[in-house]
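What follows is a single structure, written as structure tokens, with notes after it.
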């Protein structure tokens, strides 16, 4: 079955991507030790990480939706400090990337492996809710009240692959999902299963591998910035 990423989600990204970035006031860019970690202090507009990470911060795209570019964009790390202005902060970071990294790119639809989120045999195991509620996520856990398209978005970021909602479940649902992340082997006090297994056992849902068109950002050109 041919699957597609929801049109509303693509339209939102395309709209954001096409906005004209404003100029930035103060900016500092320099290379840092690749062994250093990544930080994000949005109040001061301070980031440290690879160009891939900076693109993610500027455009809100997961790694699987960023393609092309030189090999160093995911290995070399940089410290970027600029003065953001409210809701224009991400647009300013995009302008900085274009100016200092000479970043040039375009949006393109590619046929990629994705997951379809469906109802497992035996039916879903979540609790129907009247409206969306608070959500907490991280460390192998998602807990909250949301619709299936929002859950699909969370799963896309975790799995590094597009997830589309084909459950047919309307409205919002309350649930708690707990699993052991792939990069954290089970400890003696944790019996949490893998994410795929947890989705089926705890939510009554299933991830099925398929392919479908996904809009990605293709990097046409990028240069290492000179320090200032």
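Restricting attention to segment 79-107 and to residues that are in contact with a strand residue (DSSP E or B) (Cβ under 7 Å, 6 or more places away or on another chain) and surrounded by fewer than 20 Cβ atoms within 10 Å (Cβ to Cβ), the residue that is farthest from residue 28 (Cα to Cα) turns out to be 107. Of everything in segment 60-78 that is touching a residue at least 40 places away in the same chain (Cβ under 8 Å), assigned to a helix (DSSP H, G or I) and surrounded by fewer than 19 Cβ atoms within 10 Å (Cβ to Cβ), the residue that is farthest from the chain's Cα centre (by Cα) is 72. Of all residues in segment 79-105, exactly one satisfies the criterion of being more than 25 Å from residue 156 (Cβ to Cβ), assigned to a strand (DSSP E or B) and at pLDDT 90 or above, namely 104.
Listed by first and then second residue, the pairs with beta-carbon distance under 8 Å, at least 6 apart or on different chains, first residue in segment 126-138 and assigned by TED's automatic domain parsing to the domain that holds residue 153, second part of a loop (DSSP other than H, G, I, E, B) and loosely packed, with under 12 Cβ neighbours inside 10 Å, are 128/171; 129/171.
The values are calculated or read from the model by the stated rules, or taken from the named source; none is laboratory data. Quantities reported herein were computed from a predicted structural model and do not represent experimental measurements. Please note: Cβ atoms are built from the backbone with ideal geometry, for glycine as well, and neighbour counts cover all protein chains shown.
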